[in-house]
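For reference, the structure discussed in these notes is given below.
The values are calculated or read from the model by the stated rules, or taken from the named source; none is laboratory data. Computed from a prediction, not measured in an experiment: that's the story for all the values here. No Cβ is skipped: glycine too gets one built from the backbone with ideal geometry, and neighbour counts run over all protein chains shown.
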Amino acid sequence: FTSCCPGWVKFVESYFPDMLPHVSSCKSPQGMFGGILKTYWAEKNNIDPKKIVSVSIMPCTAKKFEISRADMEAAGEGIPDVDISLTTRELARLIRLAGIDFRSLPDEKFDDPLGQYTGAGVIFGVTGGVMEAALRTAVWTLTGKNDSSPIEFKEIRGFDGVKEATYNVAGTDVNICVASGTANAKKVMEMVKSGEKKYHFIEIMACPGG
């Protein structure tokens, strides 16, 4: 199971704790970035992580809960990976309150201390995006091919609540499932536990559509 959605992680912790060993140990994107910021980046720039304030802008309110988790302290106990998590709506309100007009601001280069993201990073937040990013990586890693005719993952795109597909990757059939919305997550979990469905990889996001 994927682990990038804190709402889903809390859901499985609460209702299907016996399945936790099958959940990825990866943090969410904000958790990964915050952790790297206060460990690798802080060390590289000789900055005390306690003096860094990490603010994330997220569309999801569950990210606010996530930053308070004890396992979100990569730099040490009492040093949260992310200090403040704002929703995109809250950011828009702050911009409006401050009277900032982006159209009148001069252009500037953006910071890229860790380099630029890949195309997979663009689709990560939508349902099926994490799965497609992982499948692209698996194909490239196992076959060494990333040419102009890659495997298309059309079956896992779109906003259906539950999507299934089987792809042949380096000679192995991989059964995957993508679900969004906790009601659909519950259905998938129950089918897996009963043995009705067998998947190699499952992506779940708590919000419908990702």
Exercise. Among ILE57, ILE47, which is the only one that is over 20 Å from the mean Cα position of the chain (by Cα), not assigned by TED's automatic domain parsing to the domain that holds VAL192 and not in a helix (DSSP H, G or I)?
Worked result: ILE47
Exercise. Looking at the stretch 194-202, is at least one residue in contact with a helix residue (DSSP H, G or I) (Cβ under 8 Å, 6 or more places away or on another chain), touching a residue at least 60 places away in the same chain (Cβ under 8 Å) and within 23 Å of PRO59 (Cα to Cα)?
Worked result: yes
Seminar exercise, completed: Screening GLY158, GLY209, GLY115 for residues that are surrounded by fewer than 17 Cβ atoms within 10 Å (Cβ to Cβ), within 17 Å of the chain's Cα centre (by Cα), assigned to a loop (DSSP other than H, G, I, E, B) and not aromatic (Phe, Trp, Tyr) leaves only GLY209
Problem set entry | Every pair of residues 6+ apart whose Cβ atoms lie under 8 Å, when the first sits in the stretch 19-44 and is more than 22 Å from VAL126 (Cα to Cα) while the second is among the polar types (S, T, N, Q) and outside any helix (DSSP H, G or I) | LEU37/SER54; LYS38/SER54
Exercise. Which number in (1) without any contact (Cβ under 8 Å) to a residue 60 or more places away in the chain; (2) charged (D, E, K, R); (3) under 28 Å from VAL192 (Cβ atoms) marks the one condition that GLU66 misses?
Worked result: (1)
Seminar exercise, completed: PRO17 vs (1) modelled with pLDDT under 95; (2) loosely packed, with under 12 Cβ neighbours inside 10 Å: all pass except (1)
Seminar exercise, completed: Note: among GLU66, GLU73, just one is under 30 Å from PHE201 (Cα atoms), surrounded by 10 or more Cβ atoms within 10 Å (Cβ to Cβ) and within 17 Å of the chain's Cα centre (by Cα), namely GLU66
Exercise. If we keep just the residues of the stretch 27-63 that are of a type in the set (S, T, N, Q) and under 26 Å from ARG89 (Cβ atoms), which is surrounded by the fewest Cβ atoms within 10 Å (Cβ to Cβ)?
Worked result: THR61
For this session: Output yes when any residue across the stretch 87-101 is among the acidic types (Asp, Glu) and at pLDDT 90 or above, and no when none is.
Result: yes
Problem set entry | Tally, over the stretch 60-79, of residues that are part of a loop (DSSP other than H, G, I, E, B) and under 22 Å from THR39 (Cα atoms) | 13
Exercise. Quick one: would you say VAL82 is surrounded by 16 or more Cβ atoms within 10 Å (Cβ to Cβ) and part of a loop (DSSP other than H, G, I, E, B)?
Worked result: yes
Exercise. Name the residues in the stretch 161-177 that are assigned to a loop (DSSP other than H, G, I, E, B) and crowded, with 16+ Cβ neighbours inside 10 Å, would you?
Worked result: GLY161
For this session: Examine the stretch 191-199 for a residue that is touching a Pro at 6+ places or on another chain (Cβ under 6 Å) and either surrounded by fewer than 20 Cβ atoms within 10 Å (Cβ to Cβ) or part of a strand (DSSP E or B) (or both), and state whether such a residue exists.
Result: no
